[in-house]
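Reviewing the structure listed below.
The values are calculated or read from the model by the stated rules, or taken from the named source; none is laboratory data. If you're wondering where the values come from, they're calculated on a predicted model, not measured in any experiment. FYI the Cβ positions are ideal-geometry reconstructions off the backbone, even for glycines, and counts take in every protein chain you see.
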Amino acid sequence: MHRRPLHLIILLILPLSTFAQTVDFQLYRTYDGSHNNLQNPEWGAAGSNLLRVAGTAYSDGISAPSGTERPNPREVSNSLFAQDGLLNDPLTLSDFCWAWGQFIDHDIGLTPDGGETAFIQVPSGDPYFDPNGGGHAIIPMMRNMFDPSTGTSVDNPRQHPNVITAFIDGSGVYGSSEEHASWLRTFNGGKLKVSTGNLLPLNTTDGELDGPIDPDAPHMDDAVGTNEKLFVAGDVRANENPLLTSFHTLFVRQHNLICDQLANEHPEWSDEQLYQHARKLVGGLIQSIVYDEWLPAMGVHLPEYNGYKEDVNGQLYNLFTGAAFRLGHTLLNTVIQRLDNKGVELPEGNLTLRESFFNPGAILETGSIDPFFKGMAVQVQQSLDARVINDIRNFLFGPPGAGGLDLASININRGRERGLPDFNTIRATFGLPKYILFQQFSSNAAVFTRLFHLYLDIDDVDPWVGMLSEDPMPGALFGETIMAIMERQFTALRDGDRFYYLNDPVLTQEEKDWISRTTLRDVIMYNTTISLMQDNVFKAMPHAEICDNMTGSLNGSIRTEAGNPVPAVDLDLVLTDETLNQETGFEGRFTFESLPSCKVSGLSLRKDDDIRNGLSTLDMLLIQKHILGLEPLDSPYKMIAADADRSGNVSVQDILAFRRVILGLNSEFPNNTVWRFVPASLRFESPENAITEELPEVLNFNNGLGGGFNQDFIAVKIGDVNSSAKLENLVEASDLDTRTIAPTLELVVTDIKLRAGEVYRIPLRLGATGEAIGLQFGLQLDPAASTMLEPAHFDLPGLGAQHIGRFAATEQLTLSWGEVEGTALRDGQQIMELEILAQQDGKLSDFLWLDDQITAPEAYTPDYESTAVTLQFETEGAIVSQLELGQNYPNPFREFTRIPFQLPQDETVELRVVDNKGRVLYRNKANFNAGKHEWVLESKDWPAGVLYYQLSTTHTTVTRRMILN
């Protein structure tokens, strides 16, 4: 029962505009539920009146309680509802069923007590409340508050407000007013307040148990009046029992978990954006659990959802809150079980229901909500029938005479003081035929016989009594009348909600799909340390059977630190009897479904990739700056990328290891993989020393995989500290064909004539194209025409043999050099001298070209930007007077090649590629200014072998050959 002082109630029925709504009600729910329906903004809002769908039956037609001729409520309770032992639900539904029902009840409806009494006279000699036969005992009860503008005449009978939002919107988590919601917020990262142990905050200034009471904390009910410090949640009744409190705690945790995930995905979002979006997702989860799990578990099947209906009022029915949805009181067990993860009773023991009422210490005692969820999962709830356990029929909130009440008597009397019509009238309202005989209520002779003796007139039966006396429908928890009410009420709550998650204007389709897939079991597994729980928590199951009846899913995404999805990652999920393999697609996502949870052992990741992908001399320059303390690497993931040998330290040894890979001397890193994968949820104890921490290379599921497990990963390409690694081998067509690259750094050699058998020393210098602090490139000599000897002389500062890769078998040479503290290279500066032994006569330009098969040609400016490198051949003293066509590079090539050329004047140039049979494979025209240019070609589907490229201007045509591997 909910009791509350009248002066507090008045605050709740202020006009809807009292507290300004700061959210955009076109896209987001208001706190009080107003403006959900844009045409009728008060529908379903806090403070609007409950709906009368079956009329009123006040004895005076205005406000006096109905049923004056009906039997005494306590007499009905004693005769019909007394239950001596346990009567388990034949559907074996678990305690989750009634506890979740209470959580939802407190999310959608609250009509507190007012100032009028509705005391229930206790029959003389009542064994619990009047054992001495004094005849003066009463069960205290107050009438519910009412709309003061009603109850003035038979044309304006008393109506009752719902002081919280009627929608299934998570108001039990967030509150139904902006003031209440604000107290619960941290205003940091979108999160809600919690206390030690990730529990709900208490009503203290710091939210902790030992803090002083906060006079501004929202009021929280305490019917026993013994607790000064209470948990604070969105609904005032959150402390009513520990199972209810556990659900409130669970969804606060889920909200904060979502905030963490959203902040990771959207680092630019404000606190308000994170809070409101997480609020949407949590509300959607609660809705999905109600409609996809809880209602079907009880045999309630609604019409298919066809979208929002603006002519449907989602407010609750008076008879729903006053009678029908009080059905859960007959489902309660006398014991609340507290079990550990192995299904064993805690050392502190289980709790009786009667000692759990408004007892936050039941959770504080163990510091955890996990034992309550474990207990709910294994215990079968009581049958929905005309029986109620003693804990709430005689000991509600305390022993008789010391706070103890009879909830059955109160429920009967509640319907009367609310002016609800009799049971048969309600049946007729919902299109059901009226009962003529008491035998129609139940096949149980004891039930219909007692009904007959109590009521005599079948049209006088109280609604709550009649609803619980009915036989359940086949395969369902409810009888025919409650089923009809449940179907209509929950359909209206769904269809009349503009923000029902499947209709929400802000949530993405991906988010809606995630909500639909996520079960209550999943939410529990996400937010507790529980590792074993059956898939359908609403169906009770002995702990020993859970492993064989428990499945899970594992999904997530793999992205770089910059948020780019990483495709082609191989994932191996190890089970006890097999290994499942999967590869991420273009979006970097993976999903393993319907896994036998207890068989899941571990997950490992790998990505087969070119070790040089994303690795360049620029990365070494950045690492060098870090080592020298000039500019430390600013993220733990860059630190991981810089640690070539996984030594836990970034040093010169790492630079040397990376350089040998760039030069093509090594094809693997020492003691390391090409990519590493870090769980996105990992919080580094010291981000600046991340590489000293133990990183989980394999995700272990020692206790099995529970529920829908989501695990995202940050992918780190080793050596790539500037995030330049290519994540796919596709290049947009717009980047090819007619694209030209203006060279920003030229390597220049004199195009001398070579004679077979002679050795030449050839200076390699920079052209007049700017300055650089580092560069890398590869050179290729035609093996049939010349032989490259060792470099004869090094001219760059610090340049030595360690910066050179020499490949005699293929006549290739690679170079990687950089200096962060030296003077930048200037125009015309000599790099080194090459020694070449000519095997044939010819020009040097016929035998030497840039090659990127091993080392990509790049240079780096003092601003640490990458630029292209080209090789130019100059004839000393010559002036270009006609088209000059250089040798393509790389050559041979596989996918791409570059064709250098120089024009004496502005020209329209045509490029053609033909095969050795003269077939034209490619043709394109473009306009170019006088000077040096490059044409980038993609091989497309050309045949391998010798091809010819031909460049034509108005007056000249030049042809060269190239080789496609």
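Just a few scattered comments:
- Residues in the stretch 861-876 that are under 24 Å from GLY931 (Cβ atoms) and touching a residue at least 12 places away in the same chain (Cβ under 8 Å): THR861, SER866, THR867, ALA868, VAL869, THR870, LEU871, GLN872, PHE873, GLU874, THR875, GLU876.
- Residue in the stretch 375-382 that is among the small types (Gly, Ala, Ser) and surrounded by fewer than 23 Cβ atoms within 10 Å (Cβ to Cβ) present: no
- Residue satisfying all of: in the stretch 708-737; closer than 30 Å to GLY931 by Cβ and either touching a Cys at 6+ places or on another chain (Cβ under 7 Å) or surrounded by 14 or more Cβ atoms within 10 Å (Cβ to Cβ) (or both); modelled with the highest pLDDT among these: SER724
- In the stretch 295-318, the qualifying residues are those that are in contact with a strand residue (DSSP E or B) (Cβ under 9 Å, 6 or more places away or on another chain) and among the aliphatic types (A, V, I, L, M), and the one that is farthest from ALA54 (Cα to Cα) is ALA297.
- Condition met for GLN287 (outside any loop (DSSP other than H, G, I, E, B), at pLDDT 95 or above and surrounded by fewer than 23 Cβ atoms within 10 Å (Cβ to Cβ)): no
Condition check ((1) out of contact with any strand residue (DSSP E or B) (no Cβ under 8 Å at 6 or more places or on another chain); (2) outside the structural domain of ASN927 (by TED's automatic domain parsing); (3) among the hydroxyl-bearing types (Ser, Thr, Tyr)) across all residues:
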position	(1), (2), (3)
GLU835	no, yes, no
SER845	no, yes, yes
THR861	no, yes, yes
GLU874	no, yes, no
PHE893	no, no, no
GLU910	no, no, no
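- Some residue of the stretch 918-930 being in contact with a Leu (Cβ under 6 Å, 6 or more places away or on another chain) and exposed (fewer than 15 other Cβ atoms within 10 Å of the Cβ): yes
- So ASP577, is it part of a loop (DSSP other than H, G, I, E, B), farther than 28 Å from ILE854 by Cβ and more than 23 Å from the chain's Cα centre (by Cα): yes
- Residue pairs whose Cβ atoms lie under 7 Å apart, sitting 6 or more positions apart in sequence or on different chains, and linking a residue in the stretch 685-698 that is in a strand (DSSP E or B) to a partner that is hydroxyl-bearing (Ser, Thr, Tyr), are VAL698/SER604.
- Checking each residue in the stretch 522-556 for being modelled with pLDDT of 95 or more and outside any loop (DSSP other than H, G, I, E, B) picks out VAL523, ILE524, ASN527, LYS539.
- Residue ID - modelled with the lowest pLDDT, chosen from residues in the stretch 43-68 that are within 22 Å of GLY466 (Cα to Cα) and among the polar types (S, T, N, Q): THR68
- Only one entry of LEU468, LEU493, LEU507, LEU477 meets the criterion of being modelled with pLDDT of 95 or more, in a loop (DSSP other than H, G, I, E, B) and in the same structural domain as ASP32 (by TED's automatic domain parsing), and that entry is LEU477.
- Qualifying residue in the stretch 92-107 (condition: in a loop (DSSP other than H, G, I, E, B) and touching a residue at least 60 places away in the same chain (Cβ under 8 Å)): yes
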